[in-house]
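Remarks on the structure that follows.
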Amino acid sequence: IAVPAVPNRGASRPKSWCQLCGTGMDSPSPLPTLIRKKRDGERLEDAEIRSFVRGVTEGTAQQGQIGAMLMAIRLRGMDAGETLALSRAMATSGRTLAWPPAWHGLVVDKHSTGGVGDKVSLALAPALAACGCKVPMISGRGLGHTGGTLDKLEAVPGFRVSLSPEEMCSTLERVGCCIVGQSEELAPADRVLYGLRDVTATVDSVPLITASILSKKAAEQLSALVLDVKFGGAALYPTQDSARELARSLVEVGTQLGIRTVAVLSRMDQPLGRAVGNSLEVLEALECLDGGGPPDLRELVTALGGVLLWQCGKAAGAAQGRELLGRALDDGSARSTFEAMLGAQGVPPDTAHRLCSGTPAQRRRLLGTAKVCEELPAP
């Protein structure tokens with residue numbers, strides 16, 4: 001699902017790599033008035049949305065008021081303009097990143113709506129970097145029954161998920177990719193809203209999901225973004241039609257934010273690959289980086305990566321992008337980049353080398369095994 005890209009709004013970005021950006025000062029609106037307005041199905045103006053987000057960020061909005069607004073949005077919805085305004089206000093609620101001019105058009109990222117056994121990011125980020133992209137991947141932890149990329153990487157001894165924006169820039173310069181957690185400085189409004197959505201039964205709101213995902217990606221100042229929108233029995237959206245509604249919202253708003261955005265719909269009726277669990281998924285991602293691994297994992301990694309290489313001009317089309325991405329997996333360049341990323345994010349060089357170059361048995365010993373193992377044979 002793609003929408004023609006609009007001109008990149010990054011032309012006037014500051015020359016410094018990282019800086020603090022703020023929103024314009026709008027006249028404050030009483031929150032109860034805004035809540036009542038959305039409750040009654042009326043449209044919120046951009047300035048009203050900015051006022052609400054500023055109250056969330058500065059702590060002047062009470063949790064009860066925030067929860068009431070989230071529920072009003074969940075029940076009454078938001079149109080595309082409101083969703084864009086919410087995404088933009090959340091993106092500028094804290095610090096935004098800026099990159100060297102030489103990286104223009106090459107800064108890319110991927111986001112998945114979550115699934116069991118989804119270790120795509122672990123293989124995709126270094127493979128994209130090996131193809132010449134810059135990948136400042138901001139990932140999350142486990143939520144509900146879905147595993148978190150950060151939790152998986154922390155199964156590697158010494159891996160550090162907290163990097164400052166300056167450390168991210170340095171790692172991207174030397175390695176080409178990093179996988180980090182959301183900083184308190186980036187999209188702080190999202191951190192507040194994300195936690196409250198989980199306890200107010202508003203997780204499945206399309207406008208709120210769209211703003212949550214894209215506010216972080218806009219703060220990264222991306223050139224291109226691919227979204228893996230899951231559907232099926234183990235996904236947030238069980239049907240393809242419901243997933244497509246979210247995908248269209250993400251693509252439309254992402255494009256309006258100046259990011260070349262594409263969404264891919266993928267099934268989540270069963271785990272991706274064969275391994276589920278933090279260290280086990282690291283081991284399976286390494287199989288993929290060795291040029292092997294489960295076919296469904298490799299297929300999704302190359303499909304998403306191929307789209308991004310096309311979107312940022314590294315390939316003439318998605319098919320050629322898949323070939324280039326597959327070549328990086330097969331020739332060892334993606335695995336070497338993964339090893340360099342581990343070292344840059346705190347893993348001792350000897351540990352990183354043994355993990356990436358060792359046999360499967362050596363890799364398992366390095367990450368450790370469970371104290372109790374029970375076989376569950378299929379009939």
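The values are calculated or read from the model by the stated rules, or taken from the named source; none is laboratory data. In this text the structure is predicted, and so the values were computed from the model without any measurement. For neighbour counting, all protein chains shown are included, and Cβ atoms are generated from backbone atoms with ideal geometry for every residue, glycine included. The accessibility values were calculated without ligands, DNA or RNA, using every heavy atom of the protein model including side chains. Shrake-Rupley method; radii C 1.70, N 1.55, O 1.52, S 1.80 Å.
For region 244-369, what class follows from the C-alpha gyration tensor (a ≥ b ≥ c being the square roots of its eigenvalues): rounded when a/c is under 1.5, otherwise prolate if a/b is larger than b/c, else oblate?
Here region 244-369 falls in the prolate category.
Let me test this: with uniform point scatterers at the alpha carbons of the chain, what is the Debye-based log₁₀ I(q)/I(0) at q = 0.08, 0.11, 0.13 1/Å?
-0.40, -0.76, -1.05
How would region 149-228 be classified by its alpha-carbon gyration tensor: rounded, prolate or oblate, with rounded meaning a/c under 1.5 and the a/b versus b/c comparison settling the rest?
prolate
Once neighbouring chains are kept in place and the probe is 1.4 Å, which whole percent of the accessible area of the chain is contributed by carbon and sulfur?
The computed percentage sits at 52.
Let me make sure I get this right: for region 37-84, a, b and c are the square roots of the gyration tensor eigenvalues over alpha carbons, sorted descending. Under 1.5 in a/c it's rounded, otherwise prolate if a/b > b/c, else oblate. Which is it?
oblate
Counting only residues 5 or more places away or on other chains, whose amide H sits under 5 Å from the amide H of C177 once H atoms are built in the peptide plane?
V135
If R0 is 25 Å, what FRET efficiency do you get for H145 and S242 from their C-beta distance, rounded to 0.05?
Between H145 and S242 the formula returns 0.85.
For Cα pairs less than 8 Å apart in space and 6+ apart in sequence, what is the mean separation divided by the residue count of region 76-159, i.e. the relative contact order in percent?
It comes to 24 percent, rounded to a whole number.
Can you give the Rg to Rh ratio of region 272-326, both from alpha-carbon atoms, with Rh computed by the Kirkwood formula?
Taking Rh as the inverse mean 1/r over Cα pairs, Rg/Rh reads 1.07.
³J(HN,Hα) across region 351-364 via Karplus (A = 6.51, B = -1.76, C = 1.60, θ = phi - 60°), whole Hz, x for Gly/Pro?
5, 4, 5, 5, 5, 7, 10, x, 6, x, 5, 5, 5, 5
Select from A125, V301, F231 the residue farthest towards the positive end of the dipole of the chain; place +1 on Cβ of Lys and Arg, -1 on Cβ of Asp and Glu, and compute about the Cα centre.
A125
State in Å² the accessible area per residue of region 197-356; use a 1.4 Å probe, count heavy atoms of protein chains only, and round to the nearest integer.
In whole numbers, region 197-356 has 36 Å² accessible per residue.
Accessible area per residue of region 58-97 at 1.4 Å probe, in Å²?
Averaged over the residues of region 58-97, the accessible area is 41 Å².
Nearest 500 deg cm²/dmol is fine: what mean residue ellipticity at 222 nm does the chain get from its DSSP H runs of n ≥ 4 alone, each adding -39,500 (n - 2.57), divided by its residue count?
-15500 deg cm²/dmol, from helical runs alone.
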